[in-house]
Each structure stands twice: as C-alpha cells, then as structure tokens.
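Reading through the structure tokens given below for one structure.
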Amino acid sequence: MNTNYLENNHLVLVGKVTSEKVFSHEIYGESFYVFNLEVPRLSGNADIIPITISERLILEKELEIGDKVAIEGQFRSYNSYENEKNRLILTVFAKDIRYISEEESSEKVSNEVTLIGFICKKPIYRQTPFGREISDILLAVNRAYNKSDYIPAIAWGRNARFCQNIEVGTKVKITGRVQSRNYEKKLADGTTQTRTAYEVSISSLEIVNEEEEKEENKEVI
C-alpha cells in the first residue's frame, strides 16, 4: 500500500524551548534527544509538548532554554512497560526545526495537526455536569514498516455527537491541535500521582471514502 506518511500524520508547532535536551535512545548510530516545547493557546494558557529530535537536526546550533522554534513533524506513540503494565507514551517526532524570532513566532499558526487513520476503539460519548458534549476516540495512523501510531483525540459539541455513531474500523481525517492535560492517577497503595496526558483536540472531522480515494489515485497515475 502506497501511503504518504506526511499527509497521514503531519503537524506544525511554534513555541519556546523550556527544558534542556535529554538523551533518549540511539538507532543505527544516530542519537535522539527529548525536550519540552511550550506552545501558547489563544486563551493565554500554554501546552507543554514533549519533542523527540535527532542529533542531526541540531548540529549547527545547540538547543537552549528560551529559544523560539518552529517544529514540523509527526505525532507518534510507543508502548512503555512499567510496573508490569503497558503504558502508551506520546511524543512529537521532529522532522525539521527552524529557529525563529519573537515577531515571527507571533505571526505563525502555533499548533496544527492533521491525521488520517482508522477508529480502533468504540468512541466514548459523555456530557459534563454543565452539559458540554465530549467524545474520546483512539485513532490508528499507519506508519512505515507496517507500524502504527495510536493517537487519542477528543471531540466537542456536534463533532462529539457525530463521533458516538462512528463504527470501529472507519477511516477518518481529523485536524486540530496537540494539547497537554494534567490529571490525578490513583496508585495501588492509595496515594495519588499527578500525570500529564497528551491528545489531539479536534476542530474538524470527516469520514474518508476509500473508494473515492482509489479513483483519485487512478487518475493521478
């Protein structure tokens, strides 16, 4: 299957580096590091998003706290085995990084993600005590080498109502923004621990008609 992975999973983040880079792992002699990026919201708050980046993208200039950067890449997931349980870890995998000025950062779209994938879990629809409608979905997004990223997303209002009737296996395209959210996790010993969840807040969602896709691909060929 020919898949354009940049179209399937593409994001742009503009923000400020808020942590030192820390070594993450090495693949075929190439080292990868992680750091946090503070991305402003229109509300005045900010999301703190973990970024994974290759050493090859930061050879010319060392990342420093306070640097304003534009990141282009993909929203990815992997499983971490902790305390005899699998935990889904989410990170932004940087494909490109560009250092920008304060003025330029205020002019750019600061947080935009597009994903095309398959609903892999029955959407969970609920209402808040104030009557706000929410649906939680889990999207499987194909990656190279027969891998997939499993991306949690949250829809609101009419999108939430629409999601509750989508069947597992349906192919959809969503656009939105990556957000971080703190929550309290109750541990086995009765204590609580503050953790951070990452998800896509959906601004638009549409079902992808695969038959139409095939016809369009034939015309291109």
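Taken together, the values in this text are just the output of simple stated rules run on the coordinates, not laboratory data. Being a predicted model, the structure only gives us computed values, none of them experimental. Quick reminder, even Gly has a Cβ in these numbers, built from the backbone with ideal geometry, and neighbours come from all protein chains shown.
Quick notes
- Hydrodynamic radius of the chain per Kirkwood, over alpha carbon pairs, in Å: 19.0 Å
- Multiplying the residue separation of residue 7 and residue 54 by 0.36 nm and subtracting their alpha-carbon distance yields 14.8 nm.
- Treating r as the C-beta distance of residue 78 and residue 175 and R0 as 25 Å, the FRET efficiency rounds to 0.60.
- Rounded to the nearest 20 debye, dipole of the chain from Cβ charges on Lys, Arg, Asp, Glu: 900 debye
- For the residue pairs 21/68; 147/185; 95/185; 122/171; 21/85, the alpha carbons lie more than 21 Å apart in 147/185; 95/185; 21/85.
- Remark on residue 41: its backbone amide H falls under 5 Å from those of 46, 47, a criterion applied only to residues 5 or more positions apart or on other chains, H modelled at 1.01 Å from N.
- Look at the alpha carbon pairs under 8 Å that are at least 6 residues apart: their mean separation over the length of segment 1-93 gives a relative contact order of 30 percent.
- J(HN,Hα) series, segment 177-194, from Karplus relation 6.51 cos²θ - 1.76 cosθ + 1.60, nearest Hz, glycine and proline x: 9, 7, 10, 10, 8, 7, 8, 9, 9, 7, 8, 4, 7, x, 7, 10, 9, 7
- Amide H contacts of residue 111 (H built 1.01 Å from N, in plane; Pro and chain starts excluded): 14 sit under 5 Å, all sequence-distant by 5 or more or on other chains.
- Placing +1 on the Cβ of every Lys and Arg and -1 on the Cβ of every Asp and Glu, with nothing else charged, gives segment 17-99 a dipole about its Cα centre of roughly 300 debye.
- Phi-derived couplings, Karplus 6.51 cos²θ - 1.76 cosθ + 1.60 at θ = phi - 60°, listed residue by residue for segment 12-26: 10, 10, 10, x, 10, 5, 10, 8, 5, 6, 10, 4, 10, 6, 9 Hz, with x used for Gly and Pro.
- Placing unit charges on each Cβ (+1 for Lys and Arg, -1 for Asp and Glu) gives segment 5-220 a dipole about its Cα centre, and among 165, 59, 175 the Cα reaching farthest toward its positive end belongs to 165.
- Per-pair calculated FRET efficiency, R0 = 45 Å: residue 28 and residue 162 via Cβ, rounded to 0.05: 0.55
- With R₀ fixed at 22 Å, the C-beta to C-beta distance from residue 122 to residue 88 puts the FRET efficiency at about 0.80.
- Sorted by Cβ neighbour density within 10 Å, fewest at the top, the residues 22, 92, 17, 208: 22, 208, 17, 92
- Mean ellipticity per residue at 222 nm, deg cm²/dmol - from DSSP H runs of n ≥ 4 across the chain, formula -39500 (n - 2.57): -3000 deg cm²/dmol
- Relative contact order, whole percent, for segment 5-220 stands at 18, derived from Cα pairs under 8 Å and 6 or more residues apart.
- Residues with amide H under 5 Å from that of residue 199, placed H, sequence gap 5 or more: 179
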